[in-house]
Amino acid sequence: MSEGQFVVVEGIDGAGSTTLVAELSSHFRAQRRVVHATCEPSGGPLGAMIRQILSHRVVVPGSGGPASPGWATMALLFAADRLDHLEAEVLPRLAAGALVISDRYDLSSLAYQSATASRLASPGGAGAPVPDQVESALAWIRELNRHARRPDLTLVLDVRPEVAAQRRGDRGGREELYERAELQQRLAVLYASAEKLVPGDRLVHIDANQSLAKVLSASIDAIERL
């Protein structure tokens, strides 16, 4: 039996990656493909911890408020969850010939943690990115993830930050750790040139400002070209 294909969907918060993974899974199952939809953070123990941090449900003892781990701590947690996710869920399904579609992967770590690192290193914490700090963070994050299997295809959903913000507002709920407007704008720039973050990976950019039907059609075409 030949190995399955590993497809990742990426983008800023509100780009529509979760919706697209669900739609792609339904489409290919209808085509009689064996499909496994998954996501990061994963459903494992480390993923559960990360989700608590992102939603501000982790409290530092004695602080009276939510914990805010630094970018390096988050990079370590995401890398550990990623390897656990691969071993427990992704690799066994690929070995069985399934099409695995993941909502986020290590491109998210490279974008989000490097953007956070550069922001903290800037004067006052909110200035222009510091090139040396960004490159140092990227090199370290790549090293943390060097044993992670590379995706066969990454679909990058490019969306204007204001469109994504509107979508996040429409879905409601409390703002998560990385959903600050300034950070999302910086992330949109990083995703627009995502090839620089994961050199050698196969990426296809999808205009996610358009309707779901058009985004889905373009994504299906990209996967079928594999």
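At a glance:
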quantity: Any hit, the range 169-176, residues being crowded, with 16+ Cβ neighbours inside 10 Å and at negative phi; calculated: no
quantity: Residues satisfying the stated conditions in the range 175-226, i.e. part of a helix (DSSP H, G or I) and either touching a Cys at 6+ places or on another chain (Cβ under 6 Å) or basic (Lys, Arg) (or both); calculated: 186, 196, 214
quantity: Residue ID - nearest to the chain's Cα centre (by Cα), chosen from residues in the range 184-226 that are aliphatic (A, V, I, L, M) and within 14 Å of residue 16 (Cβ to Cβ); calculated: 188
quantity: Odd one out for residue 132, checked against (1) surrounded by fewer than 19 Cβ atoms within 10 Å (Cβ to Cβ); (2) in a helix (DSSP H, G or I); (3) at pLDDT 95 or above; calculated: (3)
quantity: Scope the range 79-108; condition more than 16 Å from residue 155 (Cβ to Cβ) and of a type in the set (A, V, I, L, M); matching residues; calculated: 79, 80, 83, 86, 88, 90, 91, 94, 95, 96, 98
quantity: Residue selected from the range 145-168 under the condition hydrophobic (A, V, I, L, M, F, W, C) and in a helix (DSSP H, G or I), by the criterion surrounded by the most Cβ atoms within 10 Å (Cβ to Cβ); calculated: 164
quantity: Residue count for the range 26-46, restricted to those that are within 18 Å of residue 204 (Cβ to Cβ) and surrounded by fewer than 18 Cβ atoms within 10 Å (Cβ to Cβ); calculated: 1
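The values are calculated or read from the model by the stated rules, or taken from the named source; none is laboratory data. Just so it is clear, the structure is predicted and the values come from calculations on it, not from any experiment. Heads up, the Cβs are rebuilt from the backbone with ideal geometry, glycines too, and the neighbour counts pull from every protein chain shown.
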